[in-house]
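Heads up: the structure comes next, in C-alpha cells.
The values are calculated or read from the model by the stated rules, or taken from the named source; none is laboratory data. Since the model is a prediction, treat every value here as computed from it, not as a measurement. Cβ sites come from the backbone with ideal geometry, for glycine too, and all protein chains shown count toward neighbours. Calculation scope for accessible area: heavy atoms of the full protein, side chains included, ligands and nucleic acids excluded. Shrake-Rupley method; radii C 1.70, N 1.55, O 1.52, S 1.80 Å.
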Amino acid sequence: MLVKFSVCNFLSFKDKTSINLTATSLTEYRADNIFQSPINDLSLLKSLVVYGANSSGKSNLFKALGFMKRFILNSSKESISGEEIMVERFKLSTETIDKPSSFELEFIIESTKYRYGFSVDSIRVHSEYLYYQNKTKEYLLFNRDFQKIDLGKKIDMANEQLFEITRDNSLFLSVCAQFNDKLANLIIKKIRSINFISGIDDLSSTDYTAKLFSDRKFNIMVNNLLKGANLGFNEVKIEKVPTEELFMKSNLPKELQRLLIKNNPENTTISTKHYIYNENNEIQGEQFFDLNTEESLGTRKFFALAGPIIDTLTNGTILVIDEFDSRLHPELCKAIIKLFNSADNNPYKAQLIIASHNSTFINSNNKLFRRDQIVVAGKNKYGVTRLESLFDKKIRKDASFEKDYLSGKYDGASIELTISNQLNLEI
C-alpha cells in the first residue's frame with residue numbers, strides 16, 4: 001500500500017513536492033473510493049488522477065517515481081560499479097546546481113508503516129534513511145550520511161561488513177537485500193510490485209498479458225474483462241508458432257533468419273475470435289483476426305492493459321499509468337477506474353495512479369473521484385512544478401470541477417491557446 005511519494009530537485013520539481021494517498025475527512029464516496037489500512041485511523045485512496053496542461057510536469061512525477069524504483073532495484077549490481085547515476089536535477093535555478101536530488105516513499109507492508117528515502121547526485125549517494133512507525137511514533141532503522149551508516153537501536157538487519165561493501169554510488173538498502181536481509185527483501189519486493197505503464201508506449205505490455213493466458217485462472221479473468229469491454233470479439237486465442245514458419249515467405253537473408261530462429265525458436269501469436277453471420281444474423285462460423293495487424297490501436301491498447309490490470313487487482317499492488325486515456329474510449333477508461341474504486345472488484349486494496357487530459361473523468365455527474373483524489377499539476381514562470389489536490393485548494397464540493405479546470409481556475413491548467421496570434425507565415 002502506497003501512502004505518500006515525495007521528490008525534490010528532479011526535472012521540473014525544484015522544491016519538495018508530494019502526492020499523498022491518505023484519505024482526508026471528505027464524506028463523498030467513502031464506501032467505494034477508500035479503504036482502511038492495517039494502521040489505526042489511516043484510510044487510503046484506491047485511485048488518484050493527475051491533471052495539468054502540456055509541459056506542466058505530470059509525466060515528470062512518474063519519471064521521478066520510476067527513477068526511484070530503478071535505482072533501488074539496480075544500484076547494488078556490480079555491473080554499475082563506477083558508473084554515473086542517471087539522475088536529472090532541476091536546471092533552472094542557481095540554488096539547485098550543487099544540491100542532490102531527493103526521493104521518499106511512505107508505504108505499508110503487512111501491518112507496519114515505513115518511510116524510506118535517499119538523496120543522490122550523478123556521482124554518489126549523499127544520504128539514505130529508513131524508519132518504521134509503531135502506533136504514532138517513528139523509530140530509526142538506519143541513517144546514512146555519505147559513507148557513514150548508523151543503525152537504530154531496534155534493528156537486527158545488516159552488520160558492519162555490509163557498511164564496507166556499500167559503494168558510494170549504491171544504496172545500503174539494496175546491498176542488504178542482495179545479502180538476503182529479510183526486511184530489506186520485503187521492502188524491495190514492495191517497490192518491485194509498483195507497475196509502470198506509458199499510455200503512449202503501452203503496447204509493450206502486450207506480451208505480459210499474453211503470458212497470463214497460460215494460467216487458467218488469469219485466462220478466465222482476462223477474457224471476462226475483454227468481453228465486458230464489448231470490443232467486437234468473443235474470445236482471445238494465444239498460440240506458439242515455430243519462428244521458422246514465419247520466414248517461409250520472407251525475403252530476409254538466410255543468415256539473419258537463422259539468427260532470429262536461434263534466439264526466438266517460438267513466436268507468440270494473438271488472435272481475436274469473431275463470429276460469421278448469415279443474412280438472418282445467425283451464427284454460421286467463426287473467423288480469427290490477428291490482434292497486431294487487424295484490430296484497432298484502441299483494442300490493442302486495452303488488451304495490453306488487461307494483464308497489468310488483472311494482475312494488480314488480484315495481488316493488491318500499485319498500477320501507475322501515464323497518458324491513461326490515450327487511444328481509449330472515455331467510457332472504457334471510466335470502467336477501468338470503477339474497477340479499482342469498487343469494493344467488489346478490488347478486495348485486495350490495489351491502487352491506481354493515472355495522468356490524464358480527459359476532463360470528463362472529474363465531471364461531477366460521473367462520480368468517479370473525490371476532491372482528494374484529483375491532483376492538478378501547474379508550472380510557474382520559473383519552470384517549477386507544483387502539485388495540489390482539489391482538497392488542498394479548498395475547492396467546494398458543489399463546484400463544477402471540469403468547467404473550472406478547463407477555464408484555468410486550478411492554476412496552470414487553462415487550455416487557452418495564443419499560438420495563432422504569434423504566427424506570421426509568408427508563402
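Picking from residues in the stretch 317-331 that are out of contact with any Phe, Trp or Tyr (no Cβ under 6 Å at 6 or more places or on another chain) and within 23 Å of Arg192 (Cα to Cα), the one that is most open to solvent (accessible area, probe 1.4 Å) is Glu323.
With the requirement that a residue be aliphatic (A, V, I, L, M) and over 23 Å from Asn169 (Cβ atoms), what does the stretch 81-127 give you?
Within the stretch 81-127, Leu92, Ile108, Ile109 meet the criteria.
Might you check whether a residue that is out of contact with any helix residue (DSSP H, G or I) (no Cβ under 7 Å at 6 or more places or on another chain), open to solvent by 30 Å² or more (accessible area, probe 1.4 Å), in a helix (DSSP H, G or I) and touching a residue at least 40 places away in the same chain (Cβ under 8 Å) occurs anywhere in the stretch 166-175? No: zero hits. Taking the conditions (1) out of contact with any His (no Cβ under 9 Å at 6 or more places or on another chain); (2) open to solvent by less than 40 Å² (accessible area, probe 1.4 Å); (3) not acidic (Asp, Glu) in turn, Pro38 satisfies each one other than (2). The single condition among (1) in a helix (DSSP H, G or I); (2) open to solvent by less than 90 Å² (accessible area, probe 1.4 Å) that Arg70 does not satisfy is (2). Take Leu42 and tell me if it is more than 20 Å from the chain's Cα centre (by Cα), under 23 Å from Ile354 (Cα atoms) and of a type outside the set (Ser, Thr, Tyr). When the stated conditions are applied, Leu42 passes them. Scanning the stretch 129-142 for residues that are open to solvent by 60 Å² or more (accessible area, probe 1.4 Å) and part of a strand (DSSP E or B) yields a count of 3. Of all positions in the stretch 155-165, none carries a residue that is at pLDDT below 90, out of contact with any Cys (no Cβ under 8 Å at 6 or more places or on another chain) and part of a strand (DSSP E or B). Could you go through the stretch 256-268 and let me know if any residue there is within 30 Å of Phe196 (Cβ to Cβ) and modelled with pLDDT of 75 or more. Taking every residue of the stretch 256-268 in turn, at least one turns out to be within 30 Å of Phe196 (Cβ to Cβ) and modelled with pLDDT of 75 or more. Every condition in (1) modelled with pLDDT of 90 or more; (2) over 21 Å from Phe5 (Cβ atoms); (3) among the aromatic types (Phe, Trp, Tyr) is met by Tyr348 except one, and the failing one is (2). Of all residues in the stretch 286-342, those that are in contact with a Leu (Cβ under 6 Å, 6 or more places away or on another chain), polar (S, T, N, Q) and more than 20 Å from Asn230 (Cβ to Cβ) total 1.
Every residue, every condition in (1) assigned to a strand (DSSP E or B); (2) of a type in the set (Phe, Trp, Tyr); (3) at pLDDT 90 or above, yes or no:
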residue: Asp15; (1), (2), (3): no, no, yes
residue: Ile19; (1), (2), (3): yes, no, yes
residue: Ser25; (1), (2), (3): no, no, yes
residue: Phe35; (1), (2), (3): yes, yes, yes
residue: Ser55; (1), (2), (3): no, no, no
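In this structure, is Val7 open to solvent by less than 10 Å² (accessible area, probe 1.4 Å) and either more than 22 Å from Phe361 (Cβ to Cβ) or charged (D, E, K, R) (or both)? In short, yes.
Checking the conditions here, which among Lys379, Lys338, Lys334, Lys349 is open to solvent by 10 Å² or more (accessible area, probe 1.4 Å), touching a residue at least 12 places away in the same chain (Cβ under 8 Å) and at positive phi?
The unique qualifying residue is Lys349.
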